[in-house]
Amino acid sequence: MRITNSMVYTSVIRNTNAALARYYALNEQNASEKRINRPSDDPAGTATVLSLRNHLAVLEQYQKNIDMASAALAAADDALGTVSELITSAKELAEQGATGTLSASQREILAEEVRQLMEQMLTQANTEYLGDSIFAGQRTDGSAYVLTLAADVAGPTLAGADVLAVSGDATHTVQVEFLDSGTVGGAADLGYRWSADGGTTWTTATLAAGDTTLTLGSCSVTLASGAAVSGEADAAGQSTLTVRPAALYQGDAKDGAVVRHAGSSPVNATASGVFASKVVVRIDADADLGSAIAYSYSTDGGASWVTGNSATGGVLTVPGGTLTLTAGGGTDLYAGDQFTLVPEEADIAVAVSDGTSVVVNNVGKDIFGGLYQAVGSTQASAVSGGNLFETMGRLVAALETNDMDAVAQCLVDLDTAQETVLRGAASVGARESRLASIEAALVLRKESDTQLMSAIEDADLVTLMTKLQAAQTAYTSVVETSAEIMTLSMVDLL
């Protein structure tokens, strides 16, 4: 077989390049400490590594969500703990105020301290995290509460619902007593008097015929037209009002619903209650608000219906509450018309693992109470249950009007309010504990994925150094041998 110079040169270059490529590849792995530096190094391993990297990126986002949720819940936990301590201080003041040996001036001093405590509670209820309110439901761009005024009524005829609005401001509780019996907004004037110093001095005024607003210095109270009041000479008792501080909840809640109407019935529709999901109400036969209304409802978007329901007075009962129909452009109802009750949302849920989320905000009215104007309602009313802010406002009024019995009742109500706040704190604590458990599992998943990716992608440095030394020796040998071969000629063989 004849070996030409061309064949020798080609073989030398091929062997040298092959040895150099092996040496270069191993040297690249040594520099990066990675076994896979490009897809061609291990196509199957590359696919697995890319999948693991994507999963780790998802886990990293979950970790960021957990960090954010934990911080928001920690802020809520701190705020609720502070409020509970403030309630304890208020209870101590109430206990002093309920003591019969205190004078009116001493109770005035206690009232000023209670006002300060109420303002501190309001500050805690308006706690923010990263600029977002954490006690206002989904309305995170504003304060959960604002300080306002409310009016309590007493007497045989006047009701709380007769107070439509209280406006202005007052640095002291204002007492109002009607001097004449009659009807608000009626044809006759009504005399009344008011005091802003605990009843020491009184100012006499007149509610003119046809008027519904009581002017009380720096504040005013608007009553419902037609509301009945009784004067001081009425044997059944005198109608009175007490204007005192209050807190109005401005956030949203999980009760109530917006009603969407599809059809031509000229009626108005409002909903009240607590709805877990959308409820669709269908009118089954032509009717009038003054007659029986046949209807069906669906809780699965119309896939199935509960039929055979009937209502009178325009109040239709559905799961979670009621749909109230009132006259709009008319009172007729037409078969096939539908009313969809869309529940008000309040939760802000953050994904913290696959298929798992945690609510990071809170509905302040369910914790602190106060006044709240529900969806579809025309005026604010006191939240039922342990209402902290209403109790604090009434405690201020009781102390400033030297009403020892009312102070004692507020002391009882403070216990209930504190229990409500502590239940809210327990809910926050439970979510914090849940986050801690999820985070622990997340850390293990991240470690497992990282170890698996390392096993596939990373180079074994001990083995690599051995291979690198061998490749270097091989490359040196190829270069030296090639150099010897390239210098041979026929003269050297003779």
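Observations on the model:
- In the stretch 190-205, the residues that are touching a residue at least 12 places away in the same chain (Cβ under 8 Å) and in the same structural domain as residue 171 (by TED's automatic domain parsing) reach residues that are acidic (Asp, Glu) and assigned to a loop (DSSP other than H, G, I, E, B) with C-beta atoms within less than 6 angstrom, at least six apart or across chains, in these pairs: 190/180; 191/180.
- In the stretch 213-237, the residues that are under 18 Å from residue 157 (Cα atoms) and either acidic (Asp, Glu) or surrounded by 19 or more Cβ atoms within 10 Å (Cβ to Cβ) (or both): 214, 221, 223, 227, 229, 230, 232, 234
- The single condition among (1) under 18 Å from residue 252 (Cα atoms); (2) surrounded by 17 or more Cβ atoms within 10 Å (Cβ to Cβ); (3) modelled with pLDDT of 95 or more; (4) of a type outside the set (Asp, Glu) that residue 146 does not meet is (2).
- Among the residues making up the stretch 356-381, those that are surrounded by fewer than 18 Cβ atoms within 10 Å (Cβ to Cβ) and under 23 Å from residue 270 (Cβ atoms) are 373, 375, 376, 377, 378, 379, 381.
- Condition met for residue 163 (of a type in the set (Val, Ile, Thr), buried (at least 19 other Cβ atoms within 10 Å of the Cβ) and closer than 20 Å to residue 228 by Cβ): yes
- Among the residues of the stretch 98-128, just one is small (Gly, Ala, Ser) and over 21 Å from residue 408 (Cβ atoms), namely 125.
- Matching strands (runs of 3 or more DSSP E) fully within the stretch 184-256 where at least 1 residues are of a type in the set (Val, Ile, Thr) and over 24 Å from residue 391 (Cα atoms): 203-207, 213-216
- So residue 367, is it at pLDDT 95 or above, of a type in the set (A, V, I, L, M) and within 22 Å of residue 430 (Cα to Cα): yes
- Selection status of residue 139, in a loop (DSSP other than H, G, I, E, B), of a type outside the set (Ser, Thr, Tyr) and within 32 Å of the chain's Cα centre (by Cα): yes
- Single condition residue 130 does not satisfy, out of (1) aliphatic (A, V, I, L, M); (2) more than 28 Å from residue 406 (Cα to Cα); (3) at pLDDT 95 or above: (3)
- Set 298, 239: member being of a type outside the set (Val, Ile, Thr) and touching a residue at least 60 places away in the same chain (Cβ under 8 Å): 239
- Restricting the first member to the stretch 100-121 and to residues that are farther than 11 Å from residue 245 by Cβ, and the second to residues that are aliphatic (A, V, I, L, M) and not in a helix (DSSP H, G or I), the beta-carbon pairs closer than 9 Å and six or more apart or on different chains are 110/102; 121/247.
- Options 311, 335, 327; residue that is surrounded by 17 or more Cβ atoms within 10 Å (Cβ to Cβ), over 28 Å from the mean Cα position of the chain (by Cα) and modelled with pLDDT of 90 or more: 311
- Some residue of the stretch 288-309 being closer than 30 Å to residue 388 by Cβ, in contact with a Ser or Thr (Cβ under 8 Å, 6 or more places away or on another chain) and not assigned by TED's automatic domain parsing to the domain that holds residue 175: no
- A count restricted to the stretch 351-385 and to residues that are of a type outside the set (A, V, I, L, M, F, W, C) and under 19 Å from residue 136 (Cβ atoms) stands at 12.
- Members of the stretch 265-288 that are under 19 Å from residue 301 (Cβ atoms) and either modelled with pLDDT of 90 or more or buried (at least 22 other Cβ atoms within 10 Å of the Cβ) (or both): 269, 271, 278, 279, 280, 281, 282, 283, 284
- Unmet requirement for residue 243, which otherwise passes all of (1) buried (at least 20 other Cβ atoms within 10 Å of the Cβ); (2) at pLDDT below 95: (2)
The values are calculated or read from the model by the stated rules, or taken from the named source; none is laboratory data. Remember, it's a predicted structure, so these values are computed and weren't measured experimentally. No Cβ is skipped: glycine too gets one built from the backbone with ideal geometry, and neighbour counts run over all protein chains shown.
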